[in-house]
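Rule-based calculations on the coordinates, nothing more; no lab input. Keep in mind the model is a prediction, meaning the values are calculated, not measured. Cβ sites come from the backbone with ideal geometry, for glycine too, and all protein chains shown count toward neighbours.
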Amino acid sequence: MAQLRFTWLCVAALCAGGCGSGDEPGDTGAPGTSATTTTTTTTSQGSTGTGGTGGNGQGGTGGGAATTTVVVNEISAKGGDWIELGNPGPGSADLGGLGLCDADDTGQCNPTDALMFPEGTQLAPGEYLLILGDQAAEAGPGPHTTCLPEGGPSSCFYVTWKVSASRGETVGIISPNDQVLTELEYPIEAAADGQTWGRLPDLTGEGTVTAPTPGAANAAP
C-alpha cells in the first residue's frame, strides 16, 4: 500500500507541470505552444492613374490610408513652367493636407520641396487647379491671384521647383506621410516649344503631346 501511495504522488507531481491536451479551451496551436496572429494591411498606390478608389475621392488620413481621385493632368516645361491638376470625379475632392512633388536626382518624389495644400482646398468634379513652377520661396504657396500673363485661371498655387524637359521628370501627388498617390511622367524632351504633355482623353488617358490648355480640358496640338 505504501508503494501504491508513492506512485500516485509521483503522477500528481508530474501533472503539476501540465497534463492538458491540445483540446483545452483557448489552445489553438500545438500542445505546449501559444498561437499569435498578426494582421498586416497593404495599401496599393497608382503610378499613372487615380491613385485610389475611395468612396468620394476625399484626401485625408482619418481611419485609413489617404486616397484621391485628383490626377496630374498636364505639364508645361517649355515656354512657361506650370502643372495642372484635375478631378475626374465623380465626387468633390479635398486636397487639404496632400502635397505635390517633383523628382529628385534618383527619380523619386522629393517631399522636401513639395507644395502642401492648405486645408479647405477643394476640387469639384471636372474642375482644374493650376500650379506655377520656378517661383520665389518668399511668395509662399498661395493661393495666388497673379498667375499666367495670358489666359488660364485667375487663382493658382506656387512651387519653387520646375520640371526639367532636358532630363525628364515625374510629378506626383503625395499623402501627408509622403506616399505617392498618383503621378504623371514627363519624358525627356517630350514636347516642343509651345506644346505641353497631358492626358488624352482629358483627365483619364495616358500622357501624350498636347496643346497648352491651363485650367481647361486637354486637347491635341
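So how do THR204, THR213 line up by other beta-carbon neighbours within 10 Å, fewest first? It would help to have the intermediate numbers written out before the result.
Numbers: THR204 13, THR213 19.
The fewest-first ordering by Cβ neighbours comes to THR204, THR213.
Find how much the distance from ALA139 to GLN108 grows on full extension, using 0.36 nm per residue of separation minus their present alpha carbon separation; answer in nm with one decimal.
On the way: separation 31, 0.36 × 31 = 11.16 nm, distance 2.59 nm.
Result: 8.6 nm gained on full extension.
Using modelled amide H (1.01 Å from N, peptide plane; none on Pro or chain starts), what sits under 5 Å from the amide H of THR170, excluding residues fewer than 5 places away?
ALA103, TYR186
Applying 1/(1 + (r/R0)^6) with R0 = 25 Å to the Cβ-Cβ distance of THR160 and ILE188, what FRET efficiency is obtained, to the nearest 0.05? The partial results should precede the final answer.
Details: r = 22 Å, r/R0 = 0.89.
Once the sixth-power term is evaluated, E becomes 0.65.
Please report VAL70, VAL171, VAL209 as a ranked list, fewest other C-beta atoms within 10 angstrom at the top and most at the bottom. Mind dumping the intermediate values first?
Numbers: VAL70 29, VAL171 25, VAL209 14.
Fewest-to-most ranking of VAL70, VAL171, VAL209: VAL209, VAL171, VAL70.
What FRET efficiency comes out for GLU127 versus ALA211 if R0 is 25 angstrom and r is the Cβ-Cβ distance? Round to the nearest 0.05.
Numbers: r = 20 Å, r/R0 = 0.79.
The pair GLU127/ALA211 has a calculated efficiency of 0.80.
I need the shape label for the stretch 71-210. Rule: rounded when a/c is under 1.5, else prolate if a/b > b/c, else oblate, with a, b, c from the alpha carbon gyration tensor. Numbers along the way, then the final one.
Working: a/c = 1.19, a/b = 1.14, b/c = 1.05.
Rounded, since a/c falls under 1.5.
If you rank GLU185, GLU169, GLU150, GLU127 by fewest surrounding Cβ atoms within 10 Å, what's the result?
Values: GLU185 19, GLU169 24, GLU150 6, GLU127 16.
Listed from fewest to most nearby Cβ atoms, that is GLU150, GLU127, GLU185, GLU169.
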